[in-house]
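Enquirer: First the structure, which I've put down as structure tokens, then a few questions once you've had a look.
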């Protein structure tokens with residue numbers, strides 16, 4: 001009898017926005033997805049390589065790197081991780097998925113031109129499209145309301161579905177695009193009202209109630225959420241929504257099999 005493949009998410013870093021990034025109260029390395037043995041790196045922010053090695057993960061085993069958008073807290077280590085994935089360009093391997101404005105030279109790209117030939121191929125993210133990495137598929141259902149071209153992700157493995165609502169301002173049909181067993185929320189703000197294109201805790205509460213996932217994970221914390229203690233915020237949201245809510249921690253490994 002063979003073991004069922006596991007789907008796990010390792011949070012290399014949970015820092016969100018500029019102050020948390022520059023102060024490094026929390027790490028800013030993005031997330032490593034191991035989906036039945038398919039290794040995918042999402043949003044490699046500053047020090048992603050350091051935290052990858054610290055967690056004994058091997059960049060040379062990556063099948064793909066996905067960049068949701070080009071802001072520095074998501075893309076700071078994108079170039080070094082492309083180098084690491086391809087062994088300095090010696091092996092043309094791995095896939096790279098990124099928005100057009102992260103690649104095009106007339107739009108202040110964050111992925112260096114000489115590195116764009118290193119992966120096996122590059123695919124441009126766009127609203128309403130679906131992509132595949134072996135037997136893992138993901139969709140970018142809608143363009144987010146953010147300062148640069150930004151997409152969230154809806155993943156499907158042979159075993160689970162989960163969605164990642166990356167940086168965005170709340171908008172009415174957001175919940176309809178990302179319904180899944182597990183929803184991960186990038187939540188920078190404790191309260192709504194500031195002129196920032198990020199989700200707040202009240203936004204997340206509303207989304208959880210609308211989406212009714214089996215579980216939700218809070219991630220990518222701004223300073224106000226961090227000062228409020230994310231684990232306490234998550235516990236309160238769980239009580240208010242009736243859904244299991246977890247605050248991600250640097251280095252936390254979440255096994256989707258626990259759903």
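Enquirer: Mind ordering 223-230, 121-128, 211-218, 71-78 by average Cβ neighbours within 10 Å, highest first?
Expert: Details: 223-230: 17.2, 121-128: 14.2, 211-218: 20.1, 71-78: 23.5.
Top of the packing list down: 71-78, 211-218, 223-230, 121-128.
Enquirer: I'd like the orientation of helix 201-211 relative to the chain: the angle between its Cα long axis and the longest Cα principal axis, in ° from 0 to 90, rounded to 10.
Expert: Here the helix axis deviates by roughly 90 degrees.
Enquirer: Could you compute the FRET efficiency for residue 192 and residue 87, with r as their C-beta to C-beta distance and R0 at 45 Å, rounded to 0.05?
Expert: FRET efficiency, residue 192 to residue 87: 0.50.
Enquirer: Now for a separate question. Please report the projected area of the chain's Cα convex hull averaged over all directions, in nm². Can you show the working numbers first?
Expert: Values: hull surface 54.0 nm².
So the mean shadow area of the Cα hull is 13.5 nm².
Enquirer: Between residue 209 and residue 108, how high is the FRET efficiency from 1/(1 + (r/R0)^6) when r is the Cβ-Cβ distance and R₀ = 35 Å? Nearest 0.05.
Expert: So, using R0 = 35 Å, E works out to roughly 0.35.
Enquirer: How far, in nm, would the chain grow between residue 22 and residue 121 when pulled straight, counting 0.36 nm per residue and subtracting the alpha carbon separation?
Expert: 32.4 nm
Enquirer: If the viscosity is 0.692 mPa s and the temperature 37 °C, what translational diffusion coefficient in µm²/s does Stokes-Einstein give for the stretch 1-139 when Rh comes from Kirkwood over Cα pairs?
Expert: 215 µm²/s
Enquirer: Let me ask something else. Over its Cα atoms, what ratio of radius of gyration to 2.2 N^0.38 Å does the stretch 66-175 give?
Expert: Dividing the Cα radius of gyration by 2.2 N^0.38 Å gives 1.09.
Enquirer: Let me ask you something else. Please report how far the C-alpha centroid of the stretch 186-208 lies from that of the stretch 9-85, rounded to the nearest whole angstrom.
Expert: Measuring centre to centre over Cα atoms gives 23 Å.
Enquirer: Would you mind checking the tilt of helix 230-241 against the longest principal axis of the Cα atoms of the chain, expressed as 0 to 90 degrees and rounded to 10?
Expert: Compared with the principal axis, the helix lies near 60 degrees.
Enquirer: Moving on. Could you work out the relative contact order of the chain, using alpha carbon pairs under 8 angstrom and six or more residues apart, expressed as a whole percent? Mind dumping the intermediate values first?
Expert: Numbers: 638 pairs, mean separation 44.6, N = 259.
Relative contact order here is 17 percent.
Enquirer: Which value in nm describes the separation of the simple spin-label points at residue 145 and residue 171, placed 7 Å from the Cα toward the beta carbon?
Expert: Taking the simple label geometry, residue 145 and residue 171 are separated by 0.7 nm.
Enquirer: Which whole-number percent gives the relative contact order of the stretch 188-259, counting Cα pairs below 8 Å spaced six or more residues apart?
Expert: Relative contact order, the stretch 188-259: 31 percent.
Quick note: the coordinates plus some simple rules give every number you see, no bench work behind them. Everything quoted here is computed from the prediction, not taken from an experiment. Every residue, glycine among them, receives a Cβ derived from its backbone with ideal geometry; neighbour counts consider all protein chains shown.
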